[in-house]
Amino acid sequence: MHCTTARRAGAVAALALTATAGLAQSTLGTLQPPMGAVSDTGPDLFQIEPRTPLSLENTPGDDNSIFRIEQPGHYYLTGDLVLGEAAVGYAGIEIGADDVVIDLNGFRIVGGGFGNSGVAGLGSRVSVKNGGITGFAGSGIAFLGTDHVVEDVSVFEIGAKGVSVGARSRVERVTVTSSGDNGIQVGSSGRVIDSAVAGSGANGIYLGSYASAIDSSASNSVLDGFYLIEGAAATRCTARNNQQDGFSGVERTTIDGCRSTGNNRFGYFNGEGGTVKNSAALDNADDGIRGSFASRILNNVCDDNGSAGIEVRRDSVVRGNVCDGNTVYGVHANGSGIVVDGNTASNSGTGFVSYGNNVYNNTLVNNIASGNSNYAYYVESNPNYFQIAADPATAKPGDNIEH
């Protein structure tokens, strides 16, 4: 036990120094009290919201942690928490209670490559805010319970997941840089808001079922920028230079108002029943948007992708999209029962394609093809519904136009 206590004490030496320096600075100067009796001005901060400083006295650790929190409450750091070499395998802060708030108070938890994780816990309704976590072999923040909040935290140089939280949790204004696994991972119905991930070793942002990401970005991930489980949604998000897809959805996902550029496979991979709308797919190595069965691809811009601007499978709807400068096809209807309506395909190899085995009963109407190098339309006329206007000036509703 004496050895364990000594290791924890060594790990928090920097914390004590920082806190002492801050105390010394706060005692400079002379206080001049006002004349007359001092009246009661009401409850102080600690009466309104009691707060406990994290220390070896208040929150002693155990064989797994430097600090361990066993009771609900509001806790805060008083200086940087730096884990030394003696703390191999330790968590900086371990939480064994529900309803805990940890204010990093602008300070950092530094693993130095030795610590196991920055903040870890099994409880629910835990909040971590306002500081940094770096240099851990495990995760930066790892909570297995539900209904957590992580906000205004910077996490970098982490061996496993940057931030991993359970169902119905919120991650807001968080940055994760250089993680060995997923940068940010939220469970079902969780939310990621105004956050950024760069250089993750797996997916940038992983959304559990019916979770959402809003105004967030993922770049330079080893796998996908955003990985969406069933029913998840991404809104106004950006994926850039990821090694697989910018956005990859499993089933019935929704992507709206997003931008996906320079990814090494698809800009968007849309699982069965998914929707991509009002988004941009630019300069991706393969298709700009690849849609599975029953996809809805609506009002997107798909330019300069390495294969098709848009390719979909059976029972899908492709409507109102603009595809320019794609290497092989503008729009490829690769299945049956597909509706391709009101799109523009230009300056590609072939503008619109609906041809091949098991490609039938497709409807191509109100489309415009121009400046394509091979074919404007490459469509089997039977049994697909397809008609090109003889003269664009006299085109009837439903006619496709070739310039």
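The values are calculated or read from the model by the stated rules, or taken from the named source; none is laboratory data. These numbers come from a predicted model, not from an experiment. Glycine gets a Cβ as well: all are built from the backbone with ideal geometry, and neighbour counts include every protein chain shown.
Residues in the stretch 125-166 that are among the hydroxyl-bearing types (Ser, Thr, Tyr) and not in a strand (DSSP E or B): how many? Write out each step before concluding.
Residues of the stretch 125-166 that are among the hydroxyl-bearing types (Ser, Thr, Tyr), as a first pass: 127, 134, 139, 146, 154, 164.
Narrowing the set further to residues that are not in a strand (DSSP E or B) leaves 139, 146.
Residues that pass the stated criteria total 2.
One residue is enough: does the stretch 227-236 have a residue meeting the conditions of a type in the set (Lys, Arg) and either farther than 16 Å from THR261 by Cα or out of contact with any strand residue (DSSP E or B) (no Cβ under 8 Å at 6 or more places or on another chain) (or both)? Scanning the stretch 227-236, I find no residue that is of a type in the set (Lys, Arg) and either farther than 16 Å from THR261 by Cα or out of contact with any strand residue (DSSP E or B) (no Cβ under 8 Å at 6 or more places or on another chain) (or both), so the answer is no.
Scanning the stretch 261-270 for residues that are touching a strand residue (DSSP E or B) at 6+ places or on another chain (Cβ under 7 Å) and either basic (Lys, Arg) or at pLDDT below 95 (or both) turns up just one, ASN270. Residue-level analysis places ARG173 outside the set of residues that are free of Cβ contacts under 8 Å to residues at least 40 places away in the same chain, at positive phi and assigned to a loop (DSSP other than H, G, I, E, B).
Just to verify a result, which residue in the stretch 188-220, among those that are buried (at least 24 other Cβ atoms within 10 Å of the Cβ) and among the small types (Gly, Ala, Ser), is farthest from ARG236 (Cα to Cα)? Only one residue fits best here, namely SER200.
Please find, among SER195, SER217, the residue that is touching a Cys at 6+ places or on another chain (Cβ under 8 Å) and over 26 Å from ASN64 (Cα atoms).
SER217
The number of residues in the stretch 249-276 being under 12 Å from ALA239 (Cα atoms), in a loop (DSSP other than H, G, I, E, B) and touching a residue at least 24 places away in the same chain (Cβ under 8 Å) comes to 4.
Of the candidates PRO53, PRO60, the single residue that is surrounded by fewer than 16 Cβ atoms within 10 Å (Cβ to Cβ) and either more than 25 Å from ARG173 (Cα to Cα) or modelled with pLDDT under 95 (or both) is PRO60. Can you tell me which residue in the stretch 390-403 is surrounded by the most Cβ atoms within 10 Å (Cβ to Cβ), limited to those that are acidic (Asp, Glu) and part of a loop (DSSP other than H, G, I, E, B)? Checked the stretch 390-403; the qualifying residue surrounded by the most Cβ atoms within 10 Å (Cβ to Cβ) is ASP399. Residues in the stretch 363-389 that are modelled with pLDDT of 90 or more and assigned to a loop (DSSP other than H, G, I, E, B) were compared, and the one that is nearest to the chain's Cα centre (by Cα) is ASN367.
Here GLY337, GLY274, GLY356 are screened, and the one residue that is within 28 Å of the chain's Cα centre (by Cα) and either over 21 Å from ASP245 (Cβ atoms) or surrounded by 24 or more Cβ atoms within 10 Å (Cβ to Cβ) (or both) is GLY274. All of (1) outside any strand (DSSP E or B); (2) among the acidic types (Asp, Glu); (3) touching an Asp or Glu at 6+ places or on another chain (Cβ under 8 Å) hold for ASP181 with one exception: (3).
Where residues in the stretch 277-311 are assigned to a loop (DSSP other than H, G, I, E, B) and either at pLDDT below 95 or crowded, with 24+ Cβ neighbours inside 10 Å (or both), which of them is nearest to the chain's Cα centre (by Cα)? In this case the residue turns out to be SER279. As a summary of the residue check, SER65 satisfies the conditions (1) over 20 Å from ILE184 (Cβ atoms); (2) surrounded by fewer than 22 Cβ atoms within 10 Å (Cβ to Cβ); (3) hydroxyl-bearing (Ser, Thr, Tyr) except for the one numbered (2).
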